[in-house]
Amino acid sequence: MKKAAVLTGIFLISIFGFTACGGSANSDPGDEEELPVSNVQKRVFVLNQFSGKLQIVDAATDTLTAFVVPHEFLSTFSRAEFILRNGSNSLVLDSGTGILYVIDSALEGVSTSFPLDGPAEGVVVTSSGATAYVAIPGLGRVQVADIAGKALKDPINNLAGVRRLAVSKDGSKLLAFSNDVNTIYVINTADRTVTSVGGFDRPYTAVFSADDTKAFILSCGAECGGTQARVTVLNLANNTLGASVNVGGATVGLLDGSNLLVAGSPTVSTSSTNGGTINVVNVSNLAALTASAAFPISDGLHHTIVPVGGGKYYIGALRCTIINSGGVNKGCLSIFNGTAGSVGAARGDVTSIATIKNRNVVYVTQGGELDIYDLSTDSLQARQIDISGKAIDAKEID
């Protein structure tokens, strides 16, 4: 039985981000836009597992700068996660040591850190950037970090084995997921009320509707030791289940208008790289969800779906079957154009995918390398960046 790993992104779930300072130093005419310490206007932070540093890439020219965030984040590294949020900060979770770092994106340095109660896994941040929630599975609790106040609030307890989290856009609902169970926890963040809701098949994660009144619960099914992967509507007003539809696999989802893209691996991975699937679920009629045929993608644990424009999506997976023999060259990166899926070359686990604003490229960390893809051809562009060490996450922050 395949045990589903935890990521919110990946190896890092999701992971971190942000807007830069972008203001003016003063109101005098002719002043230039204020720049961060590195003087780089279009930055990508790259986490290097070997050095434990955040390196800074100039994403306008695809150039590795000499600047790093002066802190060793991963001295006892097991996994790190970056969190995407809006604001002037970036967050880095060292899940092995259980420390959440807040980085001032303009000063390019750690502004504060939150020592957690133990090794951490899933982490999410509210859209306002005010609060971060971190799952501590060994203690069955979620810790609450007040980013602005630079303080830990009282934890939310009695969440047995909690590993993955999802938070609504308005921050009013927090969903908590554990392994090997058919229930989830629904948490009202205002009063900390916790409700256990069942009726799923190894629920793995969730995607909220545009108005936050519903959550689409992704049941992992056979991939996580259950029976059938599916998507189920959860009515958040009363925590009741609505319509449900079967899909090939379900460990990650992305809502794009009325379409919910859902990816996963239907069964335990075999020798076939194309053991994964992606379905397009039409959610325009919440009373009767409909799913497209399952399109083949790579196998492995799928953890991220990133829209790259033109109706195209890049999908990342871990622990896929790498094939580079007999004329077959396939890895963990899949590309879906709405009607067909394809699998990229054998380059190792995909740990992050980052689009670059106003450029026709995407940064992918895979197999410890930072690869830059030309979106017009979906192939590696001529200019690449050599990261000395092991790149495990990359996110644009400007």
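Taken together, the values in this text are just the output of simple stated rules run on the coordinates, not laboratory data. Small disclaimer: the values here were computed from a predicted structure and weren't measured. For neighbour counting, all protein chains shown are included, and Cβ atoms are generated from backbone atoms with ideal geometry for every residue, glycine included.
Neighbours of Leu152, meaning other residues whose beta-carbon lies under 12 angstrom from its beta-carbon, give a summed charge of 0 when Lys and Arg score +1 and Asp and Glu score -1.
Which of Thr195, Thr183, Ala317 sits closest to the plus end of the dipole of the chain, meaning its Cα is farthest towards the positive end, when Lys and Arg get +1 and Asp and Glu get -1 on the C-beta? About the Cα centre, the residue reaching furthest to the positive side is Thr183. Comparing Val37, Val281, Val308 in a Gaussian network model of the chain where C-alpha atoms under 10 Å apart are linked, the largest mean-square fluctuation is found at Val37.
Given +1 at the Cβ of Lys and Arg, -1 at the Cβ of Asp and Glu and no other charges, the dipole of segment 158-304 around its Cα centre is 160 debye to the nearest 20. Distance between the 7 Å Cα→Cβ label points at Ser127 and Asp378: 3.0 nm. Build a GNM of the chain with springs between Cα atoms under 10 Å apart, and of Lys173, Lys42, Lys357 the one that fluctuates most is Lys357. Compute the FRET efficiency between Ala243 and Thr267 as 1/(1 + (r/R0)^6), taking r as their Cβ-Cβ distance and R0 = 22 Å, and round to the nearest 0.05. Using R0 = 22 Å, I get an efficiency of 0.35.
Site pair Ala287 and Ser258 shows an inter-label distance of 1.5 nm when each label is modelled 7 Å from Cα along Cα→Cβ.
Rounded to the nearest 20, the size of the Cβ-charge dipole of the chain about its Cα centre is 1200 debye, with Lys and Arg at +1 and Asp and Glu at -1.
Database remark: amide H of Lys42 closer than 5 angstrom to the amide H of Ala59, Ala60 (H placed geometrically; neighbours at sequence offset of 5 or more, or on other chains; Pro and chain starts carry no H). Comparing mean-square fluctuations of Pro266, Pro119, Pro70 from a GNM of the chain with C-alpha springs under 10 Å, the top value falls on Pro70. Take the chain and mark each of the GluC sites (Glu not before Pro) that is in a DSSP loop with at most 14 other Cβ atoms within 10 Å; the longest unmarked stretch, sites excluded, is 73-398.
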